[in-house]
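Taken together, the values in this text are just the output of simple stated rules run on the coordinates, not laboratory data. Values in this document were obtained by computation on a predicted structure and should not be read as measured data. Positions of Cβ are generated from backbone atoms using ideal geometry, with glycine treated the same way; all protein chains shown enter the neighbour counts.
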Amino acid sequence: MRRPLLRLLERGRRRRRHRIEDALKHLAGLDDALPATAKSLAGHLGLSLHRTVVLVGDMQMQGLVRMSGQEARLTERGSREAVRVVRAHRLIERYLADEVGEPLDALHDAAERREHTLTPEEVDALDALLGYPDSDPHGDPIPDGDRTRDAEPETPLSDWPIGAPCVVTHIEDEPPGLLREILARDLRPGDTVEVTARESGSLTVHDGIRHRDLTLLAAAQVRVAPGRWRDEAPMSSLSEGEDAVVRRVDDQCRGAARRRLLDLGLTPGARVTCLFSAMFGEPVAYHIRGVAIALRVEQARAVWVTRGPERREGANS
């Protein structure tokens, strides 16, 4: 009888700790001008108002929050704890994307389930394993220990001026429906695009190869910064029989995915030819360094190339 009771008590303590950490993360993400109340926090956590009031009282006793009237704000200790949870969440997302190959729209929920299970020492080890990345796969900066790396100034794509190139720096992972729309249009952090048209409820962007339409609601979830066009294109854009020279592997491609591309010979200066694609569009076959390889479109778009044969010094024009 004693052992089941201890397990039940431990499960309750874990659940309470998870809720506190979820509350800390939510409070850390709020603007100072929009502090949380017990009612708004209850809505975010999916708890009754009574349970949330008890939870906030527990957080006050631990020195994590202070109340100013009906408003809850993080203390210095609460801010440190929130950074710890956010850091774990974003490192787990980076690991799942780089080493496991999870799609972008599945990362948030998977990291939510795992972020409470790591000790601070395990989070540090994960950071080292990944090579101390600056950002998660959505483009959010990963806090570094007790401090947070400064984020670059960003603008919603929905507000970006027509005709000016920009780089996608961040994609919001919620709500899921808008994230799926963005990913279906094949937009990723690191892409350079230009807004070519804007209507009442949508806009059109061009990436130098093709046009894509987005609703303004989805475009508002995409953050961008000033960018410039390069004389490069993703390898996935090559047509059958077209030659190119590899320039680089995208910085957003990390871990096992990056190592595989490099092991296949997709290093700067390598000549590559698109052979053919499968009946349903992938995999795509390429000829490189005397052998044929097959890649998914997602893998091929992480390799940036210059079309045509490489021009060498002294070669005839």
Percent relative contact order for the chain, counting Cα pairs under 8 Å at least six residues apart, stands at 12 percent
Once both label points are put 7 Å beyond Cα along the C-beta direction, the D58-D231 separation in nm becomes 6.2 nm
Rounded to 0.05, the calculated FRET efficiency for the beta carbons of R307 and A106 at R₀ = 45 Å is 0.85
In whole angstrom, the spacing between the Cα centers of segment 50-129 and segment 155-192 equals 25 Å
In degrees rounded to 10, the 0-90 angle between helix 120-129 Cα long axis and the longest Cα principal axis of the chain is 0 degrees
Neighbours of T75 by Cβ distance under 10 Å: Lys/Arg at +1, Asp/Glu at -1, summed charge +2
Amide H neighbours of T75 at under 5 Å, excluding residues fewer than 5 places away on the same chain, with H built from the backbone geometry, are V65, R66
A chain fully extended from A184 to H206 at 0.36 nm per residue, minus the present Cα-Cα distance, gains in nm 6.4 nm
For segment 233-307, averaging the sequence separation of alpha carbon pairs under 8 Å that lie six or more residues apart and dividing by its residue count, the contact order in percent is 46 percent
Here the gain from full extension of E282 to D159, 0.36 nm per residue of separation minus their alpha-carbon distance, amounts to 40.8 nm
Sorted on mean Cβ neighbours within 10 Å (highest first), peptides 215-226, 181-192 come out as 215-226, 181-192
FRET efficiency (E174, E240; Cβ distance; R0 30 Å; to 0.05) is 0.15
For volume of the Cα convex hull per residue in Å³ the list reads (1) 194; (2) 126; (3) 180; the calculated value is entry (1)
By the mean-Cβ-within-10 Å protection proxy, highest first, 246-259, 81-94 rank as 81-94, 246-259
Non-local residues with an amide H under 5 Å from the amide H of D191, with H modelled 1.01 Å from N and Pro and chain starts lacking one, are V168
Distance in nm between R51 and E71 label points, each 7 Å along Cα→Cβ, equals 2.8 nm
